[in-house]
Amino acid sequence: MSTVIDGGRRELHAGECGIFINTTGRRSTYAPGSQVQWCETPLLELPAPVEQDFLGDRIRASPRIRTLFREGIGCGPYVSLALDTLRNALGEALFAAWRIEAGEGMAGHMPAPLLAARSYIDLHYAEKPDLETLAAVAGITPPYLIDLFRRHQGTTPMRYLRAVRAQAALRLIRHTDMSLARIADSTGYGSAFHLSREIRQFHDLSPRQIRQQGTFQPVHPGG
């Protein structure tokens, strides 16, 4: 997803989400076949200077965020005050969930062992760390680590690892001309076959089909 906000371009890749703020205009374009969810609201008071058109970091859209999006969209168009109130409440919950996931002002509320394991996965996903390794990094037992991930992330450590690896591979498929074998090697899949099988499970398309959508644009030196 490419978005031009007040004249500045911002990018979000597959599986990522973010929050934009604009004062004069916003225009977004998507790759063919993309599935994009979004919501918007007027701000009575800007939470940041006007020049800051991207709030916080890009983050992976967690199961919690996807669920809130799905429920909000399920409310449909305005038909009653009660439904509009519910839709607004879901929007506020979505923003709160994004703040939790992004750690904006609330990182201290996330258990330190969870943050340690999550950070290790984000850095070492290609090494395919097992549950015991992640628990040792976090300094807790494997069952306790699973419980923390389920309560705070809505998933398990190993599913989180799978998602991180898949998103890393998707970014390379979409935005580079690297061969599938090389992408598989750099993201820990080992072979193009295993990469293709995993990506198809996450995206319902093969890597070759994703690349045929034409999202990759080579960057020329000096361009």
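The values are calculated or read from the model by the stated rules, or taken from the named source; none is laboratory data. Because the structure is predicted, anything quoted here is derived from the model rather than measured. Please note: Cβ atoms are built from the backbone with ideal geometry, for glycine as well, and neighbour counts cover all protein chains shown. Accessible surface areas use protein heavy atoms only, side chains included; no ligands, DNA or RNA. Shrake-Rupley method; radii C 1.70, N 1.55, O 1.52, S 1.80 Å.
Which residues, counting only those in the stretch 126-140, are open to solvent by less than 20 Å² (accessible area, probe 1.4 Å) and either touching a His at 6+ places or on another chain (Cβ under 6 Å) or not in a helix (DSSP H, G or I) (or both)?
129
This table checks each residue for (1) modelled with pLDDT under 65; (2) within 18 Å of the chain's Cα centre (by Cα); (3) open to solvent by 40 Å² or more (accessible area, probe 1.4 Å).
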| position | (1), (2), (3) |
| --- | --- |
| 20 | no, yes, yes |
| 39 | no, yes, yes |
| 45 | yes, no, yes |
| 53 | yes, no, no |
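In the stretch 141-166, which residue that is part of a loop (DSSP other than H, G, I, E, B) and open to solvent by 30 Å² or more (accessible area, probe 1.4 Å) is modelled with the highest pLDDT? Quick ask: steps written out before the conclusion?
From the stretch 141-166, those part of a loop (DSSP other than H, G, I, E, B) are 141, 153-156; that's our starting set.
From what is left, the residues that are open to solvent by 30 Å² or more (accessible area, probe 1.4 Å) are 141, 154.
On the way: 141: 94, 154: 78.
Selected residue: 141.
What residue, of 93, 169, is touching a Leu at 6+ places or on another chain (Cβ under 7 Å), surrounded by 15 or more Cβ atoms within 10 Å (Cβ to Cβ), assigned to a helix (DSSP H, G or I) and at pLDDT below 85?
Exactly one of 93, 169 is touching a Leu at 6+ places or on another chain (Cβ under 7 Å), surrounded by 15 or more Cβ atoms within 10 Å (Cβ to Cβ), assigned to a helix (DSSP H, G or I) and at pLDDT below 85, namely 93.
Within the stretch 116-134, which residues are touching a residue at least 12 places away in the same chain (Cβ under 8 Å) and either more than 23 Å from residue 187 (Cβ to Cβ) or under 20 Å from the mean Cα position of the chain (by Cα) (or both)?
Those that are touching a residue at least 12 places away in the same chain (Cβ under 8 Å) and either more than 23 Å from residue 187 (Cβ to Cβ) or under 20 Å from the mean Cα position of the chain (by Cα) (or both): 116, 117, 118, 120, 121, 122, 125, 126, 128.
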